[in-house]
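Chemist: Starting off with a structure, shown below.
The values are calculated or read from the model by the stated rules, or taken from the named source; none is laboratory data. None of the values given here were measured: they were computed from a predicted structure. Reconstructed Cβ throughout: ideal geometry from the backbone, glycine too, with neighbour counts over all protein chains shown.
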Amino acid sequence: MDRSFARSRLGALALAFVAAIWVSPFAWLVLSAVDPETNGQLRIPHAVGIGNFVLALSGQAGQQFLNSLYLAVGTATLTVLVASMAAYPLSRMRLPGQTTLLWGLVLLRMLPEAGTIVPTFFAAKQLHGLNMPGMIVAMTVLGMPFALLLLKNFFDTVPIELEEAAYLEGASIWQILRLVVVPLSRSGVAVVWFFTFTSAWNAFLLPFIFARTDTSFPMSVGLFTAFGEYGGISYGFLTAYSLIYSLPAVAVYFLLRRNLNTGFAGVGVKG
Amino acid sequence: MNGQISPWLAAARGPMLVAMLPAAACVVATLYLAGWAVMFSFTNLELTGLRSINWNWVGLDNYVRLFTREGFLNALWITTLFTLFSAIIGQSVFGFGLAIALRGARLGLRNVIEIAVMLGWLVPDIVAAFMWSNTVGTTGLINDLIVVPFGLKPINFINDYALPVVTIANIWKGTAWSYLLFSAALDSVSREVIEATRVDGASPAQTIRFVVLPMVRTHLVTNLLLVTIWTFGYFALIFALTGGGPGAQTEVLSILMVHQSFEVGKLGYGSAISIAMMLIVGVLAYGYLRQLKEPR
């Protein structure tokens with residue numbers, strides 16, 4: 001049925017048209033970023049240069065780039081560590097009330113971000129955690145249910161027989177984990193790391209509430225405030241800043257693309 | 001395992017239980033925070049000033065306010081429209097259509113389109129908002145390429161069509177997720193089955209309606225569940241694109257909640273809005289999950 005559509009010339013043309021529409025909003029972003037004399041209008045650059053990118057990586061903007069990097073790498077790494085330590089036992093053992101627990105996690109995962117932001121802010125304020133470590137911990141805590149579910153589903157697909165064989169051969173627990181479980185889990189863990197990295201890199205609401213000074217902003221908040229402050233004048237800076245801010249999430253996706261396609265099969269909610 | 005605990009698991013049980021503790025603490029903390037939100041919603045706690053320390057219990061006042069003041073009901077309506085048109089109709093239908101259309105496409109074409117759609121999903125919310133505010137601006141792509149060549153005056157879309165603009169921007173941003181999920185689901189439908197229906201004389205539309213859709217039903221419901229819930233609480237894109245305006249035309253519940261909590265400073269009232277959001281999301285999720293559990 002569907003074979004004929006995508007293989008027909010008309011079908012291919014229609015699909016290419018869809019792709020063109022999809023990327024068209026990027027045209028202005030790229031054209032303005034490489035044009036040092038841009039005035040914010042959509043036009044072919046009069047000159048091409050990297051001046052905007054240099055501006056967008058120096059001084060306060062550069063600091064905000066580093067802030068985003070700390071936040072995203074910190075959150076993703078902490079989340080993956082804590083979540084896999086629990087997801088692996090959850091997948092292997094039968095705990096009393098396990099099904100209830102998993103459905104509870106599904107429900108927790110569905111809480112809207114805005115639903116818990118007030119108490120999260122309040123708790124962080126009282127613990128003097130309105131700073132980078134506070135943000136990392138808060139985002140790890142709030143992202144935990146999702147990471148647990150994804151990793152548990154993933155570990156379910158890793159056969160237990162290999163571990164049992166290794167155990168019968170006399171391997172210690174740590175040897176089994178290090179030599180059998182970790183190598184087999186690399187792709188699933190990479191997928192979860194990627195998800196957490198991207199969502200922390202893109203996160204806006206929590207840093208918007210948590211970070212109070214220009215130098216502690218990650219790029220999301222930096223771009224938002226910069227747009228409000230001098231959106232009318234420095235389009236070159238803002239577009240270059242946007243491209244730099246978009247790059248890591250896009251790059252991580254392409255690095256992990258092959259893993260992702262297999263990892264997506266495990267996204268389904270299973271009880 | 002057939003009910004028997006393997007010796008390996010018996011040996012590893014202790015360390016495994018200990019390893020679960022940090023994650024358990026995170027889950028407990030989330031529950032604790034949710035509990036706090038419930039508690040706040042019955043108080044007149046404020047962000048600054050006297051009531052940030054000396055707050056009082058006010059009973060159901062905040063919840064009564066949800067229905068007696070205009071903000072909440074308007075935001076609920078806007079959020080419903082936004083979720084219905086951008087996620088349930090836009091992203092899901094478009095993602096499914098794309099997944100069907102790209103089945104059996106040449107690898108090159110498939111890659112190009114996947115990447116194009118994926119870019120929308122990958123760019124951060126604030127960048128997407130910045131791009132869209134320009135694309136629909138008076139000197140932006142849509143005016144330059146479509147409106148002005150037809151001899152019309154440039155249209156200020158964000159002022160005149162704010163809700164459609166954020167809806168379309170969100171379809172653009174989120175379709176990739178539904179596409180990828182459906183794409184993976186369709187891969188699990190075997191080619192032989194589809195071939196067989198074709199041989200039996202079913203039209204493409206009939207094949208999709210009576211064979212493919214029932215086979216990917218679980219994925220369909222899972223996807224609807226996830227995109228509905230995400231879109232219902234979505235904040236950043238709309239906030240950065242319109243700030244909820246003009247007026248309150250795009251003030252969805254999350255924006256109203258942040259506005260009331262952190263700009264007006266009424267944390268108690270803001271918490272009541274979040275609790276209402278969580279209850280609505282809970283009801284929606286329950287509805288979808290029942291669909292998932294029902295065997296067909």
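Residues checked against (1) in a helix (DSSP H, G or I); (2) closer than 24 Å to residue A:148 by Cα; (3) in contact (Cβ under 8 Å) with a residue 24 or more places away in the chain:
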| position | (1), (2), (3) |
| --- | --- |
| A:194 | yes, yes, yes |
| A:197 | yes, yes, yes |
| A:201 | yes, yes, yes |
| A:207 | yes, yes, yes |
| A:212 | no, no, yes |
| A:224 | yes, no, no |
| A:240 | yes, no, yes |
| A:253 | yes, yes, yes |
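Chemist: Moving on. Can you tell me which residue among A:130, A:179 is outside any helix (DSSP H, G or I) and either farther than 15 Å from residue A:89 by Cβ or basic (Lys, Arg) (or both)?
Modeler: A:130
Chemist: Given the criteria modelled with pLDDT of 90 or more and either surrounded by fewer than 20 Cβ atoms within 10 Å (Cβ to Cβ) or over 30 Å from residue A:257 (Cβ atoms) (or both), does residue B:77 qualify?
Modeler: When the stated conditions are applied, residue B:77 passes them.
Chemist: I'd like the full set of residues that are among the small types (Gly, Ala, Ser) and either modelled with pLDDT of 85 or more or in contact with a Pro (Cβ under 6 Å, 6 or more places away or on another chain) (or both), limited to region A:63-109.
Modeler: A:68, A:72, A:74, A:76, A:83, A:84, A:86, A:87 - these are the residues of region A:63-109 that are among the small types (Gly, Ala, Ser) and either modelled with pLDDT of 85 or more or in contact with a Pro (Cβ under 6 Å, 6 or more places away or on another chain) (or both).
Chemist: Taking interchain pairs and intrachain pairs at least six residues apart, which have beta carbon atoms under 6 angstrom, with the first residue in region B:171-185 and farther than 24 Å from residue A:25 by Cβ and the second of a type in the set (A, V, I, L, M, F, W, C)?
Modeler: Every condition considered, the pairs that remain are B:184/A:264; B:184/A:265; B:185/B:216.
Chemist: Among the listed residues B:33, B:84, identify the single one that is within 30 Å of residue B:181 (Cα to Cα) and within 23 Å of the chain's Cα centre (by Cα).
Modeler: The conditions single out B:84.
Chemist: Collect the residues in region B:96-113 that are more than 7 Å from every other protein chain (Cβ to nearest Cβ) and buried (at least 20 other Cβ atoms within 10 Å of the Cβ), keeping them in residue-number order.
Modeler: B:96, B:98, B:99, listed by residue number.
Chemist: Do we find that residue B:242 is β-branched (Val, Ile, Thr), surrounded by 20 or more Cβ atoms within 10 Å (Cβ to Cβ) and touching a residue at least 24 places away in the same chain (Cβ under 8 Å) in this structure?
Modeler: Judged against the criteria, residue B:242 is a match.
Chemist: More than 8 Å from chain B (Cβ to nearest Cβ) and either exposed (fewer than 15 other Cβ atoms within 10 Å of the Cβ) or at pLDDT below 90 (or both): does that describe residue A:44?
Modeler: Criteria met by residue A:44.
Chemist: Moving to a separate point now. For residue A:28, state whether it is at pLDDT 85 or above and hydrophobic (A, V, I, L, M, F, W, C).
Modeler: So residue A:28 does not fit the description; no.
Chemist: Please go through (1) over 30 Å from residue B:42 (Cα atoms); (2) of a type in the set (A, V, I, L, M, F, W, C); (3) within 12 Å of chain B (Cβ to nearest Cβ); (4) surrounded by 16 or more Cβ atoms within 10 Å (Cβ to Cβ) for residue A:56 and return the number of the only condition it doesn't satisfy.
Modeler: So the condition that residue A:56 fails would be (3).
Chemist: Determine whether region A:112-120 contains at least one residue that is at pLDDT 85 or above, more than 23 Å from residue B:228 (Cα to Cα) and crowded, with 21+ Cβ neighbours inside 10 Å.
Modeler: Yes: region A:112-120 contains one or more residues that are at pLDDT 85 or above, more than 23 Å from residue B:228 (Cα to Cα) and crowded, with 21+ Cβ neighbours inside 10 Å.
Chemist: If residue B:59 satisfies every condition in (1) part of a loop (DSSP other than H, G, I, E, B); (2) surrounded by 13 or more Cβ atoms within 10 Å (Cβ to Cβ); (3) not polar (S, T, N, Q) but one, which is the exception?
Modeler: All conditions pass for residue B:59, except number (2).
Chemist: Turning to a different aspect of this structure: Looking at region A:154-182, I want the residues that are at the interface with chain B (Cβ under 10 Å from one of its Cβ atoms) and have a partner that is surrounded by 13 or more Cβ atoms within 10 Å (Cβ to Cβ) and among the acidic types (Asp, Glu) with Cβ atoms under 7 Å, at least 6 apart or on another chain. Which pairs are those?
Modeler: Sorted first by the residue in region A:154-182, then by its partner, the pairs are A:176/A:163.
Chemist: Considering each residue of region A:69-113, count those that are within 23 Å of residue B:8 (Cβ to Cβ), at the interface with another protein chain (Cβ under 7 Å from one of its Cβ atoms) and part of a helix (DSSP H, G or I), and give that number.
Modeler: Number of matching residues: 5.
Chemist: Further, regarding this structure: Within the group B:130, B:182, B:157, which residue is of a type in the set (Phe, Trp, Tyr) and within 10 Å of chain A (Cβ to nearest Cβ)?
Modeler: Every option except B:130 fails the conditions.
Chemist: Only one of B:236, B:185, B:202 is out of contact with any Gly (no Cβ under 6 Å at 6 or more places or on another chain), buried (at least 20 other Cβ atoms within 10 Å of the Cβ) and within 21 Å of residue B:99 (Cβ to Cβ); which?
Modeler: B:185
Chemist: Another question about this same structure. Kindly check whether there is at least one residue in region B:239-250 that is of a type in the set (Phe, Trp, Tyr), under 29 Å from residue A:227 (Cα atoms) and within 19 Å of the chain's Cα centre (by Cα).
Modeler: Checking region B:239-250: at least one residue is of a type in the set (Phe, Trp, Tyr), under 29 Å from residue A:227 (Cα atoms) and within 19 Å of the chain's Cα centre (by Cα).
Chemist: Quick test for you: out of B:43, B:80, B:135, B:48, pick the one residue that is farther than 30 Å from residue B:212 by Cα, of a type in the set (S, T, N, Q) and without any contact (Cβ under 8 Å) to a residue 40 or more places away in the chain.
Modeler: B:135 is the lone residue from the list that is farther than 30 Å from residue B:212 by Cα, of a type in the set (S, T, N, Q) and without any contact (Cβ under 8 Å) to a residue 40 or more places away in the chain.
Chemist: Of all residues being closer than 17 Å to residue A:227 by Cβ and not hydroxyl-bearing (Ser, Thr, Tyr) in region A:59-74, which is surrounded by the most Cβ atoms within 10 Å (Cβ to Cβ)? Just the residue, please.
Modeler: Per the criteria, the residue is A:64.
Chemist: (1) surrounded by 18 or more Cβ atoms within 10 Å (Cβ to Cβ); (2) under 19 Å from the mean Cα position of the chain (by Cα): which one isn't true of residue B:89, the others all being true?
Modeler: Single failed check for residue B:89: (1).
Chemist: Show me the helices (runs of 4 or more DSSP H) entirely contained within region B:175-260 in which 1 or more residues are closer than 14 Å to residue B:83 by Cβ and touching a Lys or Arg at 6+ places or on another chain (Cβ under 8 Å).
Modeler: The helices (runs of 4 or more DSSP H) meeting that bar are B:236-242.
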